[in-house]
1. Looking at the chain, send over the antiparallel percent of its DSSP beta bridges, to the nearest 5.
2. Using the alpha-carbon atoms, what tilt in degrees (0 to 90, nearest 10) does helix 271-281 show relative to the longest principal axis of the chain?
3. For TRP339, what residues show an amide H to amide H distance below 5 Å, using hydrogens built from the backbone and excluding near sequence neighbours?
4. Nearest 10 degrees, 0 to 90: what angle lies between the long axis of helix 84-102 and the longest principal axis of the chain (Cα atoms)?
5. Tell me, what HN-Hα J-couplings in whole Hz come from the Karplus equation 6.51 cos²θ - 1.76 cosθ + 1.60 at θ = phi - 60° for each residue of segment 361-378, using x for Gly and Pro?
6. Under 17 Å from a point 7 Å along the Cα-to-Cβ line of ASP354: which residues of segment 409-440 have their amide N that close?
7. Determine the calculated [θ] at 222 nm for the chain from helices alone, applying -39500 (n - 2.57) to every DSSP H run no shorter than 4 residues and normalising by the residue count; nearest 500 deg cm²/dmol.
8. In percent, how large is the relative contact order of the chain, given Cα pairs closer than 8 Å and 6 or more residues apart?
Amino acid sequence: MSASVRRFVAVLIVIAGAVLLWLAGRSTGDAATAKNERDAVLEQAHDRDPRLKGSYRIERGGWVYVHLEGDPAEIGFQHGYLLAPEIEDAFPAVTNSMMHSTKRDWPFFREAARTMLWPKIDPEYQQELQGIAAGLNMRTGSNLDVYDIVAFNAFEELPDYYVPWLNKHEKAANAPNLKSPGNCSAFVATGSWTKDGQIVIAHNNWTSYMNGERWRIIFDIKPAKGYRMLMDGFPGVIVSDDDFGINSDGLMVTETTITQFEGWDPNGIAEFVRARKALQYAGTIDEYTKIMLDGNNGGYANDWLLGDRKNGEIAQLELGLKAYKLWRTKDGVYAGSNWARDPKVIKEDAREFDPKNMETSPNARRARWEELLDQNKGKIDVTLAQQMLGDHVDSFQKKSEANERVLCGHVDTSERGVAIWAWGPNYPGGAVQGKAADSTMAKQMRLVARMGHPCGEDFIAKPFLAAHPDYAWQEPYLRDMKAGPWTEFRAGEIPATSR
Ligand SMILES: [Zn+2]
């Protein structure tokens, strides 16, 4: 070895030592510094990748607000990238819940997504779903692919609609007790019912707390085609899904699910696709109805409550699979709390539902809605709607109590649970967040939203799990659900000129 080579090797050893020392210092160094460095790298990626142009996220009142804009692939990419931490957090919670209730593994759901749902998804939503997987992958290196994302988007329809249908079809032995969910309390009012004669719409989302505490996204989507949308939603999912949204042509949309609905059409179009398409492309109640009926697969069957701020008209679209019914008026109110009311829909699509049993959650809340809305006829506005969403009057027991029969549901406190939804005693579920808007707000693309129980009470996971070991399987995912403040959001929180 020549002297120069020896000198070179010595220099290399010194450099290597210095690098090792630096790395050791880093590993014991401040975690916040590493996080800042990572964020800086992400920001650079943000600046570099043209697909992220125009998009941003902000956090307020316990919500994560994202603005997405562009063509379908760009909107999807921005969604996956900006909400990657929330998607990676929600994916295991939701998918474990799907597998737990159905006793089916994840490849089963992926296969249903790939072979049954995917071929019927419009190309623009296929591109958006692919974009979500791509954005997520770029941000975190996640190996979730588009079929994982599609099955995840169908979390409200595959486990509780497709699987029971399949079990029946296959005459599966020991099939688990699966029931379509009873999600939400809502109303839409207009004319002489509201303070200003225009539309007021309000909704609280009922779901398991495990899912509901993650239902904290506000999406402001400005698509290349169709109307601009402002809606609440779930990370990684292209539709509001609980549902609450307004579009720039004046449509105001919410729903509650139909209790004890049964049915599925494997040749239909996924509900999450039709509902997203309807919010994006419908300017009227008729157009909304047409899109929801086109390829109806029976998944996540809802009573849709609609408003058109352009003419003050509201509607209720009770969308069964074999039957449906549309009611509409310019002077009235429609409420929802998971009951079907059209005799034909009940007979053909929700045969087991008993509209006369006033002890059940849907019917007890129906009675309370009627009472509360009647009492406030002519006074209804967004402030009053917020109070109504947090109402704790049990119409069956005729007393105030936070339980499974009140508009602001707290099923965790009830030993009765809700058997007709297969929610056992003290099921950790109920009202998880609320939203409201009126015609003026819809025109300005604004809404108010509150995370957590709309009444403002907190749910604390640790003592609940200690008292109810039946739900120990949720321990890795169930966390505290603390109520945030009522918070206003509008489309274009950060104007394009200042970005
Ligand atoms: Zn409450």
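1. 90 percent
2. For 271-281 against the chain, the angle is about 90 degrees.
3. THR259
4. Here the helix axis deviates by roughly 50 degrees.
5. 4, x, 6, 5, 6, 4, 4, 5, 4, 4, 5, 5, 6, 4, 4, 10, 4, x
6. 416-423
7. Value at 222 nm, helices only: -11000 deg cm²/dmol.
8. After rounding, I find 15 percent.
The values are calculated or read from the model by the stated rules, or taken from the named source; none is laboratory data. Predicted model, so just to flag it, every value in this text is computed and none were measured. For neighbour counting, all protein chains shown are included, and Cβ atoms are generated from backbone atoms with ideal geometry for every residue, glycine included. Side chains included, ligands, DNA and RNA excluded: accessible areas come from the protein's heavy atoms. Shrake-Rupley method; radii C 1.70, N 1.55, O 1.52, S 1.80 Å.
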